[in-house]
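Encoded as structure tokens, the structure appears first; notes follow it.
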Amino acid sequence: MAFVATAEACDSNAALLASGDLRALQPIFKNYGQSRAFSGLIVTLKVFEDNVIVRELLETKGEGRVLVIDGGGSMRCALVGGNLGQLAQNMGWAGIVVNGCIRDVDEINGCDIGVRALASHPMKSNKKGIGEKHVPVHIAGTLIREGEWLYADSDGILISKSELFV
């Protein structure tokens, strides 16, 4: 998959932006991980202060996909830590976007994946296994569906209904 710069994608896809087939997330996320730019097919997850299902998904082959986690914007605990960051790298995930917090920032920054999250928090999450996989999520002002494409770089994050080409 060729690298697609988000600013260039916006400049060259005015019709997709106008139709809503290409959307930009509000700029609320901080950058973590070694991959400052990443993209891939989206897998969605909706949880709240519980990361059991996050681990379950990251234990599957990533195949260059991006896990988008709607953590409800909780700032009370972390949904992804260093172990899950390493697992995601090992299993071939391109990146993780967390509408919530992460922890073990130094460990995640050592992983060869891209991670975006609202903030870091030292407390771990609950372990009850409550959540929903493969459902539409609403994050940063945008509805995101499984099977759409995510493009992230230092300028921001784009969601596209179809794969973008340079």
(request) Before rounding to the nearest 500, sum -39500 (n - 2.57) across all DSSP H runs of length at least 4 in the chain and divide by the residue total; then give [θ] at 222 nm in deg cm²/dmol. (result) -5000 deg cm²/dmol
(message) If I take R0 = 35 Å and measure r between the Cβ atoms of ASP21 and LYS127 in this structure, what FRET efficiency does the formula 1/(1 + (r/R0)^6) give, to the nearest 0.05?
(response) 0.35
(message) Give me the percent of accessible area attributable to carbon and sulfur for region 1-88, probe 1.4 angstrom.
(response) 53 percent
(request) Using a 1.4 angstrom probe, figure out how much accessible area the chain has per residue, in square angstrom, rounded to the nearest whole. (result) 46 Å²
(request) Please report how far the C-alpha centroid of region 72-102 lies from that of region 120-164, rounded to the nearest whole angstrom. (result) 11 Å
(message) Which one, ASN13, ASN109, ASN31, has the greatest fluctuation when you compute a Gaussian network model over the chain with C-alpha springs under 10 angstrom?
(response) ASN13
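Report the full-extension gain for the segment ALA119 to GLU8: residue separation times 0.36 nm, less the Cα-Cα distance, to one decimal in nm.
37.2 nm
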(message) Please report the antiparallel percentage of the DSSP beta bridges confined to the chain, to the nearest 5.
(response) 50 percent
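The values are calculated or read from the model by the stated rules, or taken from the named source; none is laboratory data. Please read these numbers as outputs of a predicted model, since none were measured by experiment. Neighbour counts are summed over all protein chains in view; Cβ atoms, including those assigned to glycine, are modelled from backbone coordinates with ideal geometry. Just the protein is used for accessible areas: all its heavy atoms, side chains included, with ligands, DNA and RNA removed. Shrake-Rupley method; radii C 1.70, N 1.55, O 1.52, S 1.80 Å.
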